[in-house]
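The values are calculated or read from the model by the stated rules, or taken from the named source; none is laboratory data. Note that the coordinates shown come from a computational prediction; the quantities given were computed from them, not determined experimentally. Cβ atoms come from the backbone with ideal geometry, glycine included; neighbour counts cover every protein chain shown. The accessibility values were calculated without ligands, DNA or RNA, using every heavy atom of the protein model including side chains. Shrake-Rupley method; radii C 1.70, N 1.55, O 1.52, S 1.80 Å.
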Amino acid sequence: VDQRNSAVMLVSGGSGFCSGALINNTQNDGKPYVLTANHCFSSPTSWVFRFNWQATACTNPSASPTFQSLSGAVLRSRRSPTDFCLVEITGGLVNNTVPLTYSPYFSGWDNSGTNPTSSVSIHHPSGDIKKISFDDAAAAPVTAMGSEAQGCWGVEWDRNTTTEGGSSGSPLFDQNKRIIGQLWGGGASCSNLSAPDYYGRLSKSWNPTNSNSTNQLMIWLDPTS
């Protein structure tokens with residue numbers, strides 16, 4: 001439930017175009033950072049962040065569930081070799097964070113680069129109600145999607161789950177429920193359940209060689225070292 005509540009849909013013009021997640025920093029101050037994919041980047045000032053658009057079962061209910069939204073963000077950092085984008089929500093905040101009535105959860109992360117023994121993604125496929133995907137096997141570092149060397153995690157979904165367009169930017173959680181990457185792309189779809197997906201690795205986005213505040217995660221997520 002906690003990780004589910006951290007996952008959000010990115011909306012533009014009334015339609016969901018990508019996914020993302022609230023991500024914590026080491027000051028635990030509720031700073032409303034959202035991790036998504038660099039290829040989703042446009043003008044975050046116009047983005048709408050949809051929270052809690054979810055149902056209790058995989059099958060969509062006959063009527064849309066209720067949800068909450070916040071509008072507007074600023075870019076903090078982004079980088080193409082691992083396809084990450086970090087923005088900070090600016091609109092509708094209460095005490096500089098997401099309103100508590102939204103039941104927000106700021107997911108933890110693991111920057112060690114250790115291979116997960118299993119993984120999960122929570123996402124909004126094709127702008128749909130929130131869904132979950134499971135990889136019950138270990139993910140491995142791979143070079144894919146034009147990434148830098150071993151810049152991605154390669155996953156293959158189990159339990160008849162998958163992703164679609166619109167899932168891009170969604171978090172990949174390891175077995176300890178910590179974010180280790182965000183969805184870049186791949187061949188997985190409802191018509192190709194066995195095709196792999198690729199997630200930009202958070203460990204590679206953390207503090208890349210010659211990076212600065214505009215293209216790394218460390219300075220934002222661990223400001224006090």
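For this structure, a couple of remarks:
- Long-range neighbours under 8 Å by Cβ, at least six apart or interchain, first residue over 12 Å from TRP220 (Cβ atoms) and in contact (Cβ under 8 Å) with a residue 40 or more places away in the chain within the range 74-86, second in a loop (DSSP other than H, G, I, E, B) and among the aliphatic types (A, V, I, L, M): ASP83/MET145
- Residue match in the range 94-102 (condition: open to solvent by 30 Å² or more (accessible area, probe 1.4 Å), in contact with a strand residue (DSSP E or B) (Cβ under 9 Å, 6 or more places away or on another chain) and either farther than 21 Å from GLY16 by Cα or modelled with pLDDT under 95 (or both)): yes
- Restricting TRP47, TRP53 to residues that are under 29 Å from ASN207 (Cα atoms) and open to solvent by less than 50 Å² (accessible area, probe 1.4 Å) narrows the list to TRP47.
- Within the range 137-165, residues that are closer than 15 Å to GLY185 by Cα and without any contact (Cβ under 8 Å) to a residue 40 or more places away in the chain have Cβ atoms under 7 Å from residues that are of a type in the set (A, V, I, L, M) and open to solvent by 20 Å² or more (accessible area, probe 1.4 Å) in these pairs: THR143/ALA149; THR162/LEU193, counting only partners at least 6 apart in sequence or on another chain.
- Check on SER19, of a type in the set (S, T, N, Q), farther than 12 Å from PRO104 by Cα and either in contact with a helix residue (DSSP H, G or I) (Cβ under 7 Å, 6 or more places away or on another chain) or open to solvent by 60 Å² or more (accessible area, probe 1.4 Å) (or both): no
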